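Below is one structure, written out as structure tokens, with a few remarks after it.
The values are calculated or read from the model by the stated rules, or taken from the named source; none is laboratory data. Here the structure is a predicted model, which is why all the values come from computation and not from measurement. Ideal geometry is used to build each Cβ from the backbone, glycine not excepted, and the neighbour counts take in all protein chains shown.
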Amino acid sequence: MKYSVLFAAVIGLLLTACSNEEWDRHYNNTDVVLSDKSLADCIKDQAELSTFYHMIEIAGYEELLNSPQSLTVWAPTNSALASLNPATMDSTTVRELVENHISRFSYITTGLQREKIFLLSNKALWFAQNGSDFQFGTGTLVDKNQVARNGILHTINQYQPYNPNLWELLNRMDGIDSLQAYINSLIVTDEFDNTVNYLLENYASLDDEDSTYTVVIPDDAAWTKAFQSSLSYHTLYYKDGENVSLKKTGPNLSPQYAKAALINHLFFSKVSDPYAFDSIMSTNKAWFNVANLFQGANKYTASNGVLYKTDSLRMAPHESWQRPIVVEAEEPRFGRNNINNNLYFRSSEGTGYETSGDKYIVMEPTVTGGVSKVSVIFPIPNVLSATYDIYCVFVPERIANSVDPKPNKIDVGITFRKATGIYQPTTFTSVVKGIVTSADSITKVRLGRATFPWATPYDGTTNSVEVKLRIDNAVSTSQTTTMSRTMRIDCVIFEPVVN
């Protein structure tokens, strides 16, 4: 018990010391003039602050400044606000300006060096000593440390404009109605009555004052042109009120996918000056040439980054929405299917061969006759209504057999929904036959080219994946002395054909 009491006493002394130090930092100052007035009264009683007090009335902040809450106000003088007329300003602008000069808690100049102040506007400004003066943002204090019963009042010679963040700027900007309509359609109420903003959650936290972004935004004419281009790549098969591949009834979802593709690469995180780089990467991992992307765009500065408004969205389809599709052979979630073989995962690490992710698959035959082919079917997700060159990366037998490695002979077929709407998932059209792979080196083999009339976006279910690539080992029984019926595959690649 004796030791417990002693420990409590020591902790109490430490807490008292900390509290006194904090009190001294914020409140003990020989320059402080005590008052029993509220902050609202202190401001109202000073003729040189009459314009700011009128703004407080318009903004409805009299009640707060009369409340017992601890606050600090940096009040601009009338001369500082001479360029503004509260009577002609809209109430939102007035409220934001007032909030940009009020902070919770008390801040005095005693012991001040440099402190970041978080304001009621959700912005932050620096409060700092500058020689014999004190600065709040870009303003200089002309009177300081007036103590009201509920906080501290300073007066400054320059008002601090409210600087909107990128999300606010997007919603206030003229000439981008089409984009605004779409991004605000991404604000929904979930089943628990919570508001969810899918753009801020999934693309970029444009409302976060502690983040930094560069944003490129198409004006209405640029949006319309880019949307028509994107729509041609996102044409879903729609019949009798159903988006067929997605098994979803209702309106045609092609426009929604086309619009989503347009905003996919408009945001660049941790980039405050794009011109400091030759290329920058979007939040969705695509690289763009800075000189081309921002050519002719108008720059706007926000509190958490910069926005470039452009009259032409200079993103080629293959740079943005029609990017290469890579299906790793070991990835099972799209519904990969192997026939007449046992399929195993293998690592290439330490073999002298480099595969993507250091992984590949091996298909060992479970049948001996050449009639029953060793096969694997790869469903390909997110194929657009466009043209692709199709590749497969084969791993050589030498990775496991350095004595007498043999090549494979491959036949390839493909199935997808035809322009007529007919879909036969088990009927494969031949793409190429008799390709012989290397026994000694990893080879990226071009299998052929295909044009797909319908986009098939992946919705998380295997039913939505309609494009399927079948690879057969075509080695006959008589060829097994010189060729192998065991296949090794790294990945399948669909590369967009650039017009």
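Could you tell me how many of the residues in the range 324-383 are on the phi < 0 side of the Ramachandran plot, outside any strand (DSSP E or B) and not small (G, A, S)?
First pass over the range 324-383, keeping only residues on the phi < 0 side of the Ramachandran plot: 324-334, 336-339, 341-349, 351, 353-356, 359-381, 383.
Filter once more, keeping what is outside any strand (DSSP E or B): 324, 329-334, 336, 348-349, 351, 353-356, 366-373, 381.
Subset that is not small (G, A, S): 324, 330-334, 336, 349, 351, 353-355, 366-368, 371, 373, 381.
Number of matching residues: 18.
Regarding the range 454-462, can at least one residue be identified that is in the same structural domain as R417 (by TED's automatic domain parsing) and part of a helix (DSSP H, G or I)? Reasoning before the result, please.
Just the residues of the range 454-462 that are in the same structural domain as R417 (by TED's automatic domain parsing), to begin with: 454-462.
With part of a helix (DSSP H, G or I) added as a condition, the list becomes 462.
Checking the range 454-462: at least one residue is in the same structural domain as R417 (by TED's automatic domain parsing) and part of a helix (DSSP H, G or I).
Name the residue, out of S356, S303, S347, that is assigned by TED's automatic domain parsing to the domain that holds M487, within 30 Å of V271 (Cα to Cα) and either surrounded by fewer than 15 Cβ atoms within 10 Å (Cβ to Cβ) or touching an Asp or Glu at 6+ places or on another chain (Cβ under 8 Å) (or both). Steps first, answer last, please.
Numbers: S303 fails: assigned by TED's automatic domain parsing to the domain that holds M487; S347 fails: within 30 Å of V271 (Cα to Cα).
The conditions single out S356.
What number of residues within the range 46-92 are without any contact (Cβ under 8 Å) to a residue 60 or more places away in the chain, within 16 Å of N150 (Cα to Cα) and either among the small types (G, A, S) or part of a loop (DSSP other than H, G, I, E, B) (or both)?
Count: 1.
So K285 ticks every box in (1) in contact with a Phe, Trp or Tyr (Cβ under 6 Å, 6 or more places away or on another chain); (2) basic (K, R); (3) not in a strand (DSSP E or B) but one. Which box is left unticked?
Condition (1) is where K285 drops out.
Report yes if P255 is under 28 Å from K123 (Cα atoms), in contact with a helix residue (DSSP H, G or I) (Cβ under 9 Å, 6 or more places away or on another chain) and not assigned by TED's automatic domain parsing to the domain that holds P453, otherwise no. If you could, list the steps in order and put the result at the bottom.
Values: under 28 Å from K123 (Cα atoms): no; in contact with a helix residue (DSSP H, G or I) (Cβ under 9 Å, 6 or more places away or on another chain): yes; not assigned by TED's automatic domain parsing to the domain that holds P453: yes.
So P255 does not fit the description; no.
Considering (1) at pLDDT 95 or above; (2) closer than 17 Å to Q160 by Cα, say which one C42 fails and leave the rest.
Every condition holds for C42 apart from (2).
Within the range 174-188, is even one residue over 17 Å from the mean Cα position of the chain (by Cα) and within 28 Å of A82 (Cβ to Cβ)?
Checking the range 174-188: at least one residue is over 17 Å from the mean Cα position of the chain (by Cα) and within 28 Å of A82 (Cβ to Cβ).
From the list R398, R417, exactly one residue is among the basic types (K, R), surrounded by 13 or more Cβ atoms within 10 Å (Cβ to Cβ) and either within 42 Å of the chain's Cα centre (by Cα) or within 30 Å of S230 (Cβ to Cβ) (or both). Which is it?
Details: R398 fails: either within 42 Å of the chain's Cα centre (by Cα) or within 30 Å of S230 (Cβ to Cβ) (or both).
Matching residue, one of R398, R417: R417.
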